[in-house]
There are 2 protein chains.
Amino acid sequence: MTDRAGTFDGVHRRNLSKVLGLVHLEGPRSRARLTAATGLNRSTVATLVAELVEAGLVIEQPPDPTNRVGRPSPVVAADPSVLAIAVNPEVDAVTIAAVGLHGAIPVRERIEVDVLPTPEAIAELTAATIDRWRAGQLQGARIVGVGLAVPGLVRAADGLVRWAPHLEWSDAPLRALVEAATGLPVAVGNDASLGAHAEHLFGAGRGVDDLVYLNGGASGIGGGLIVHGRLVGGTGGYAGEFGQNRPGFAEPGDRRAGADGVLEDEVSRARLLDVVGLTHVDEPTLAAALAESDDPAAADELARQRRVLAATLANAVNALNPSLVVLGGFLATVAESDLDDLARAVEAQTLAAAFEGVEIRVAALGGDRLMIGAAEAALAPLLADPLAAR
Amino acid sequence: MTDRAGTFDGVHRRNLSKVLGLVHLEGPRSRARLTAATGLNRSTVATLVAELVEAGLVIEQPPDPTNRVGRPSPVVAADPSVLAIAVNPEVDAVTIAAVGLHGAIPVRERIEVDVLPTPEAIAELTAATIDRWRAGQLQGARIVGVGLAVPGLVRAADGLVRWAPHLEWSDAPLRALVEAATGLPVAVGNDASLGAHAEHLFGAGRGVDDLVYLNGGASGIGGGLIVHGRLVGGTGGYAGEFGQNRPGFAEPGDRRAGADGVLEDEVSRARLLDVVGLTHVDEPTLAAALAESDDPAAADELARQRRVLAATLANAVNALNPSLVVLGGFLATVAESDLDDLARAVEAQTLAAAFEGVEIRVAALGGDRLMIGAAEAALAPLLADPLAAR
DNA sequence: GGTATTTGTTGCGCTTGACCCCAAATCTGA
DNA sequence: TCAGATTTGGGGTCAAGCGCAACAAATACC
């Protein structure tokens, strides 16, 4: 057990991690503000920042012209050349992006594919794209790792994709493949879990320590939990599969559409598309079509899905007493069709006290969510121990 | 912000806490084993232990006669005179016990009451009992705090009992009342949550970092979650109220008994008592009566409750991917009526991967569970910072 | 009874963050 | 325009805590 936690070295590392984490999460900050935020001594922060500059992880900029008394404090920012590569393989396309330690996304490509991508193809595509970028847009960049957001079950221990039904992968050793192809450290995670992480750090769940995130995709419903400010993985890393839950129905009006009763069969994008007679449209188009539709069946189906969603959320709220529920993907459309109604339905099925502090919001990060989440997973080792991963 | 986390003092405190926590949780241990467990240096552990001895929290005993080569190492044990008081108010009785830092329960009393106890009565009863014990059995003891396990919703921030339906309390400032009456630091928690904590630390969930605990009481079903090795409180501290969840029914055979569909209406001790025609018996008697009954209605009701319980557990397993599910109270009776059937029913309603590592067990601590959980809550500040709370 | 092994003990040195004092940079007000 | 106030960085010093190494003690094995 090389758990150097209780030692001096451990303190130093944790402090480095804390400072780097602050500039990463909160953006550029003056040294004075870092001192205040960390509770450390000025001189300590000075040496920590110097060390991070030395390691090429942060840069110090001339002080901002702040209209305040006193000596201006230099601004510490994440070094823009430090990048992680984020990859999101989907059925019809693979999205690859470079995400900076400072949060920006300098390059992003969506590569359409004709056939279902294999894990091997993803590894090769990722490696080729990185090589191309390194020769072009990302010259001089320092790529610290690759993060992949996969629509399927990912074993946390070794980045094995146990089952990705839509990609038709099973037991694919994705992490090993991409590591071999790129020579970089690789993190693999479930897309919805990484989305939850991203919303927690930079989106609608910013600063919230206990939240439930549910995302509605074309294929089904996934989710993620933040408890005590940390993403919940569970034993194998499969936590968050709310789509497979069976919500209970409180009132006769809460009716089933199908036979099975699993959430993602009841609350589904396909049913919404059906009811307005569309196929293959993006989310805003679907939302607009639903909003403009005069067909009572459309409003009815939205209401039905809201109530089933509410039952699931109520179960989660009773069990976890979060302070926030975040809904992404088409669940945002369902929720926004009548946010008050959804909240009331959840409230009706929860203990009063448990619902008290709960807010229901839609996700904030949009299309960058998975890129940010995947990059965050790739950056995690660096942030946890800035000097070890140099 | 007096967050001394990144400082030397913080390291020292954390190390003290780690050592004290080890002898508390794992029992008496040689200094050699403590050094191995903490990863610290021999000399460091020596000074830490000396400091804890000085503070009167641990004692050093002559080495155990171990048949191994080398110099024998003195055994470090929790000081038996350090105690916490645990209190569990119920409808018909109040249980009070003194629980040692070393885990033993030197005194325990169950005080029957004729009328529903009020919060004020609990405070006075607790203070009077402590005084009596201090003059008698607990002479020379050092009582570091009081922990109360309450069958109701407890606001974590201030120990306010928001709602305890069976005691008919609402918004009772229990922590303040007991603190005023005893002059001791007081912790208040939900009984089921504290039970989950106890099972996690000393019972069926020992060493398991992710578990779901459900307890069936006379009045309803409560629960608690351990995630990342920590008890989940949620924002307000109300997490774990699985009894109010509405499980979904997967098959036509999974049928409702009542109208509402809340778990604790469907899966209830009263229904089990009904079916064997008993009232007011203890758990072993009920379990025996159910096992011996020839009435097919009894087996049927047990099977029905198992399936509803399975649906709830399946939802929890999908969402949290725990490695263990612990069932206490009459839920243990329901589960043990056919543990395999329960496990199969859960498996049928979960994702294969999420269920993979899941084990279902019954609780292990029996009647001491709530006393241990409440005492643990009272001891928490001492364990977290051994020298601050002297 | 000698040797190997394990562990407590002691003293030293290194690392690290706190503290102090001074210098620098800016605002304020006369 | 200039002095005072205010805030912050920088360098030196200090103290605290842990690791390390050498030595001593206690046990088992041969």
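Some notes on this structure:
- Estimated FRET transfer efficiency (B:Ala352, B:Ala299; beta-carbon r; R0 30 Å; 0.05): 0.55
- Selection from B:Leu365, A:Ala204, B:Leu101, by position along the positive dipole direction of the protein assembly as shown (Cβ): B:Leu101
- Principal semi-axes of the equivalent ellipsoid, √(5λ) from the alpha carbon gyration tensor of the protein assembly as shown, are 43, 38, 24 Å from largest down.
- The contact between chain B and chain A removes approximately 4300 Å² from the accessible area (both sides summed; 1.4 Å probe; ligands, DNA and RNA excluded).
- Interface burial in the range B:275-320 reaches 20 Å² or more for B:Asn315, B:Asn318, B:Ala319, B:Leu320, comparing the full protein assembly with the chain by itself; accessible area from heavy atoms with a 1.4 Å probe.
- Label-point separation in nm, A:His12 to A:Thr66, each point 7 Å along Cα→Cβ: 2.9
- Residue-averaged [θ]222 nm for chain B, counting only DSSP H segments that reach four residues, each worth -39500 (n - 2.57): -13000 deg cm²/dmol
- Rounded to the nearest 20 debye, the dipole size of chain A about its Cα centre is 1840 debye, using +1 on the Cβ of Lys and Arg and -1 on the Cβ of Asp and Glu.
- When both the range A:319-359 and the range B:111-160 are represented by their alpha-carbon centers, they are found 37 Å apart.
- Computed from the Cβ-Cβ distance with R0 of 45 Å, the FRET efficiency linking B:Leu116 to A:Asp171 stands at 0.20.
- When only Cα pairs below 8 angstrom with a gap of at least 6 residues are kept, chain B shows a relative contact order of 16 percent.
- For the range A:217-330, the relative contact order comes to 27 percent (Cα pairs under 8 Å, sequence separation of at least 6).
- Between the C-alpha center of the range B:62-83 and that of the range A:78-103 there is a gap of 55 Å.
- Working from label points 7 Å from Cα in the Cα-to-Cβ sense, the B:Ala270 to B:Ala180 distance is 3.5 nm.
- If R0 is 30 Å, the Cβ-Cβ spacing of B:Ala135 and B:Ser43 corresponds to a FRET efficiency of close to 0.10.
- Three principal axis lengths of chain A [C-alpha, angstrom, descending]: 66, 49, 45
- Relative contact order of the range A:241-390, pairs being alpha-carbon contacts under 8 Å that are 6 or more residues apart, as %: 22
- Within the protein assembly as shown: Cβ-based charge dipole about Cα centre, in debye rounded to nearest 20 (Lys, Arg +1; Asp, Glu -1): 3560
- The angle between the Cα long axis of helix B:339-348 and the main principal axis of chain B comes to about 80°, on a 0 to 90 degree scale.
- Using θ = phi - 60° and Karplus 6.51 cos²θ - 1.76 cosθ + 1.60, couplings along the range B:306-321 (whole Hz; Gly, Pro as x): 4, 5, 5, 4, 4, 4, 5, 4, 4, 4, 5, 5, 4, 6, 10, 6
- Where the Cα pairs of the range B:85-227 fall when distances are cut into 10 Å bins, in %: 11, 41, 36, 11, 0
- Principal semi-axes in Å for the range B:1-108 [√(5λ), Cα gyration tensor, largest first]: 29, 22, 10
- Each Lys and Arg Cβ is given +1 and each Asp and Glu Cβ -1; about its Cα centre, the range A:4-78 then shows a dipole of about 260 debye.
- Peptide A:353-361 has a mean of 4 when you count, residue by residue, the C-beta atoms of other protein chains within 10 Å of its C-beta.
- Partner shielding of B:38-46 amounts to 2, given as the average count of beta-carbon atoms from other chains within 10 Å of each residue beta-carbon.
- Inter-chain shielding of A:225-234 (mean C-beta neighbours from other protein chains, 10 Å cut-off): 5
- For chain A, the share of accessible area belonging to carbon and sulfur comes to 51 percent (1.4 Å probe, ligands and nucleic acids excluded).
The values are calculated or read from the model by the stated rules, or taken from the named source; none is laboratory data. Predicted, not measured: the structure shown is a model, and the values here were computed from it. Note that we place each Cβ from the backbone using ideal geometry, even for glycine, and neighbour counts take in every protein chain shown. Side chains included, ligands, DNA and RNA excluded: accessible areas come from the protein's heavy atoms. Shrake-Rupley method; radii C 1.70, N 1.55, O 1.52, S 1.80 Å.
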